[in-house]
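Remarks on the structure that follows.
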Amino acid sequence: MNKRQATPTSCGACVLLCAALELGKDKMPRLDGMSMREYSGTHTEIQLDNSDKSELLLYEITSSASPGSPVQSSSIQAGYSLPHNLIVAARLLELTVTVYLKPGMVYSLLSCYHSDIVNKLAGSGVEIERAAPPLLLGNQRALEVLGVVQGGVFFHYVMRRPNGTYMDPGSGINYPNFDQMNASWKNYIASGFIIVLQG
């Protein structure tokens, strides 16, 4: 599955949606105060699909936007998908989450610029392993946080599968490996920060 992110900063929500759908998780509970009235499904859950609409719904949870504020596809004010909010959304999709942090230079830079990330992750109750993740199983997907150093330090989420292929929501394309995904202008740097989802 592949999809191009709906907004410049919704890469996390986009890869979470693709991972969930690949793992057979296409339903999410309706939450009070969020813009879920327009979605198909029952009165207690909504049906997700590979659309901008479903991505933006997840983005309401994963971004730093205030809950209940509908995120428009042209919006960049919502901010990046924050790792602890991604975990909340993944749990709503009934996915098991483990975070792997392998300290290194890029991880240190991300921690410096976004110092509260690890504290908020720990506060979410997620299992945090300070090591590289093991090989992925068939019922797992990895959301890798990559460093992007262009006029500052930013992060970008991509999805990795057990067979080593990647989906980059920046282009909406599947790639056979990291090097092919990172060819040309992208200049992604592995941060050692990986969220493993299991369905």
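Please treat every number below as a calculation from the coordinates, not as lab data. Just so you know, these numbers come straight off a predicted model, no measurement behind them. Methodologically, a virtual Cβ is constructed for each residue, glycine included, from the backbone with ideal geometry; neighbour enumeration extends over all protein chains shown.
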**OP:** Along Cα→Cβ, 7 Å out, is where each label goes; now give me the distance between the ones at residue 186 and residue 94 in nm to one decimal.
**Re:** 3.2 nm
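Beyond a 22 Å Cα-Cα separation, which of these cross-linked pairs lie in this structure: 3/186; 3/27; 53/102; 27/102; 53/120; 3/120? It would help to have the intermediate numbers written out before the result.
Values: 3/186 18 Å; 3/27 18 Å; 53/102 34 Å; 27/102 32 Å; 53/120 27 Å; 3/120 28 Å.
Flagged as over cut-off: 53/102; 27/102; 53/120; 3/120.
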